[in-house]
Amino acid sequence: MAAEETHHVAKTFMDHLPVLQVVIPLFAAPIIVFIGKRSLAWPIAFAASAAAFVISCILLIQVLDGGFISYHVGGWAPPLGIEYRIDAANALVLALISGIGTVVLPYAYESVKAEIPKKNHTLFYACFMLCFTGLLGMVATGDAFNVFVFLEISSLSTYVLVAQGANHNKRALTAAYDYLIMGTIGATFFIIGLAMLYMATGTLNMADLADRIADEGTNRTIRAAFAFIVVGMGLKVAIYPLHHWLPNAYTFAPSAVSVFLAATATKAAIYVLLRFMFSVFNPSFVFEEWTLYIVFIPFSLLAMFAASFVAVFQTNIKRMLAYSSIAQIGYMLLGIAMLNATGLSATLVHLVNHGVTKAALFMGVGAMMLYSGSAFFNNLNGLGRKMPLTGAAMVASGLSLIGVPGTAGFISKWVLVQAAFENGWWIIAIAIMLSSLLAVIYVWRMFEVLYLTAPDPQSTAKEAPLAMLVPMWVLAIACIWFGFDTELTLGSARVAADGLLAGSAGMAH
Amino acid sequence: MEQLIDWAFIVGHVNYWLFIVLMMTGLYVVVARGNLVKKIVGLNIFQVSVFMLYISIGKITGGTAPIFPVDLTGHIEPDPSIVYSNPLPHVLILTAIVVGIATTSLGLALIVRIREAYDTIEEEDILKIEREMTAEDNKEYGAAMGGRA
């Protein structure tokens, strides 16, 4: 869709799609609370997230040619009004978030019944919808302060969702508290950065910010703003030294929440980081001072090795997957630090592929927890044989986590290695392969426990309920599908990477 | 010779000094205090410092409240000679205050639940209980690396 065509006042239903996908789940949350019936909470939540998914798919198709859609909230034109701006980069992330949300909900139906007290179910789905809204909003919006508002909507509801695990293990409460403290510090750093940007430029619209920063050049205020924004968002992304909240939050949250968080929360934060680095501050600003090479490469390498190494020695499979997530975030940062189109598309593709892979793995663990009661390896002995379909889905997604050819994980690592060779960084390329070997070790430990140990004779485990199996297999098949058909993921990631690398020019009106 | 201390600079930037002092006080309290409620108080001070930063940057020297005079017919006639303060940062901070209240109340609610589950709100005691829980897990399931604390 050409830019000129979209700059009119929204008239038809189709014109309202960018805001509708955020507004529908936003309204679903209070509706669920006001109706207050447990039996209606789930259908409303599912309908809202399915609607958001359909909308984000339509938007993705519209912007795949490299154009963008600009929506003016309330008819107020930017830069004064709030603008929603959909281009290939955020349409891809929106599709991931709403897709995962839609797939997680059927799974959550059974899982929540087993793990959360009945009286909390209605509020759980309301909270889930708020979290969903916040993530979609912070990705869809083109207004810097709006990002903060949606970031806090999603974060606050995430703390509540993580704390719901308290029924199972009281450590969920302290995990949620730690996350609250660190998340709030991160978000507050982010608005300090925005305050400085506003002081320097007098605007909060991202496209307008980009123009003015490009005109004015850099000064100390803008540089300080950049530092605050990167550190603040880095806390949300769980960049290696700022990752302390992540393992506990993922381990002690209810299974359905772990699935959703692992696949979406850090990914939305990475998108915001990308958007600010490349679109608001332009790439030459970010890189001419060498900050990214100095900061990002060592940290991402540390994350890839240290976090994978720690993952190898875990006794709790959820904690192992959490540390593996920190390692995978390292790959995504490495892609950003390469600063070429291939590296950026590797980041975006890995964002989607890893989201799908990790969600499938957490789903498998959650299904086994129905019978084992915990996620410790010793309690999962031989469950792969007792639950063949769940086990098979975990094998498929586990292979994708390693990056075996023919799976989604291979594609993103392949593109990342290509990007490293483009820069002539063959040492980094070797590091990527070596750290994948660490992934082989911890994924193998999982296979060993699931298949090669004798099942507990007293175990009552049987195949997971259909409502859990279907979402799990949808994602497991997606892991394999995206390993062969890269048209959708890699194709849109390349368009998005080109748009981001065009810097502020990519945001021009 | 240049003055050793530029008083005009220091006094002219007094709002920034206040912001920095408050921000650092808040962050220090969050890090240094073991009591969970005191951590939330520190977090609050930290957030309020940012509100102050936003509000103070909206002030324009000699500026008055940004209310346009409206005559009886409802016709707005702004007087170009009057300087108005910038209302936008104030409006933004209204949103941030709401977020701050939500964070504080959620944090305190979590502390109530933590108190029920652990019977303490001192970080050291909680860490001790959790270390024991981890040690028990390790005895049962084998040692783990990277556990809590």
## Note on the structure
Over the stretch B:44-94, the set of residues of a type in the set (A, V, I, L, M, F, W, C) and under 23 Å from B:Val11 (Cα atoms) is B:Ile45, B:Phe46, B:Val48, B:Val50, B:Phe51, B:Met52, B:Leu53, B:Ile55, B:Ile57, B:Ile60, B:Val83
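For the stretch B:31-41, name all the residues that are facing chain A (nearest Cβ under 10 Å) and either surrounded by fewer than 22 Cβ atoms within 10 Å (Cβ to Cβ) or touching an Asp or Glu at 6+ places or on another chain (Cβ under 7 Å) (or both).
If the condition is that a residue be facing chain A (nearest Cβ under 10 Å) and either surrounded by fewer than 22 Cβ atoms within 10 Å (Cβ to Cβ) or touching an Asp or Glu at 6+ places or on another chain (Cβ under 7 Å) (or both), then B:Val31, B:Leu36 are the ones that fit.
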#### Entry: Whichever residue in the stretch A:195-242 is farther than 19 Å from A:Ala265 by Cβ and among the aromatic types (Phe, Trp, Tyr) and, among such residues, is surrounded by the fewest Cβ atoms within 10 Å (Cβ to Cβ)
A:Phe228
### Message
I'd like the full set of residues that are in contact with an Asp or Glu (Cβ under 7 Å, 6 or more places away or on another chain) and either in a helix (DSSP H, G or I) or crowded, with 24+ Cβ neighbours inside 10 Å (or both), limited to the stretch A:294-345.
### Response
A:Ala341, A:Thr342
### Query
Within the stretch A:439-478, how many residues are farther than 16 Å from A:Leu401 by Cβ and not hydroxyl-bearing (Ser, Thr, Tyr)?
19
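Take the residues of the stretch A:293-306 that are among the hydrophobic types (A, V, I, L, M, F, W, C) and farther than 13 Å from A:Ile239 by Cα: which is modelled with the highest pLDDT?
A:Phe305
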### Query
In the stretch A:80-89, is there at least one residue being surrounded by fewer than 24 Cβ atoms within 10 Å (Cβ to Cβ) and among the small types (Gly, Ala, Ser)?
yes
### Query
What number of residues within the stretch A:183-194 are touching a Lys or Arg at 6+ places or on another chain (Cβ under 6 Å) and either over 16 Å from B:Asn44 (Cα atoms) or buried (at least 24 other Cβ atoms within 10 Å of the Cβ) (or both)?
0
### Message
at the interface with chain B (Cβ under 9 Å from one of its Cβ atoms) and part of a helix (DSSP H, G or I): is that true of A:Ile229 in this structure?
### Response
no
### Message
Among the residues of the stretch B:128-136, are any within 11 Å of chain A (Cβ to nearest Cβ), in contact with a strand residue (DSSP E or B) (Cβ under 6 Å, 6 or more places away or on another chain) and assigned to a helix (DSSP H, G or I)?
### Response
no
### Query
Considering A:Ala419, A:Ala408, A:Ala367, which residue is within 20 Å of the chain's Cα centre (by Cα) and buried (at least 24 other Cβ atoms within 10 Å of the Cβ)?
A:Ala408
### Query
Is it true that some residue in the stretch B:47-65 is more than 12 Å from every other protein chain (Cβ to nearest Cβ), closer than 25 Å to A:Ala187 by Cβ and surrounded by fewer than 13 Cβ atoms within 10 Å (Cβ to Cβ)?
no
## Note on the structure
Contact list, first residue from the stretch A:164-182 and at the interface with chain B (Cβ under 10 Å from one of its Cβ atoms) and surrounded by fewer than 23 Cβ atoms within 10 Å (Cβ to Cβ), second anywhere and assigned to a loop (DSSP other than H, G, I, E, B) and hydroxyl-bearing (Ser, Thr, Tyr), beta-carbon distance below 9 Å, six or more apart or interchain, is A:Asn169/A:Ser374
### Task
Give me the pairs, please: first residue somewhere in the stretch A:367-396 and within 11 Å of chain B (Cβ to nearest Cβ), second residue anywhere and aromatic (Phe, Trp, Tyr), beta-carbon distance under 6 Å, and either six or more positions apart or on two chains.
A:Phe376/B:Tyr141; A:Asn378/B:Tyr141
#### Entry: Residues within the stretch B:82-109 that are assigned to a helix (DSSP H, G or I), farther than 22 Å from B:Leu43 by Cβ and within 9 Å of chain A (Cβ to nearest Cβ), tallied
1
### Message
So, in the stretch A:135-163, how many residues would count as being more than 9 Å from chain B (Cβ to nearest Cβ) and closer than 22 Å to B:Leu127 by Cβ?
### Response
1
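The values are calculated or read from the model by the stated rules, or taken from the named source; none is laboratory data. Nothing here was measured: the structure is a model prediction, and the numbers come from that model. Reconstructed Cβ throughout: ideal geometry from the backbone, glycine too, with neighbour counts over all protein chains shown.
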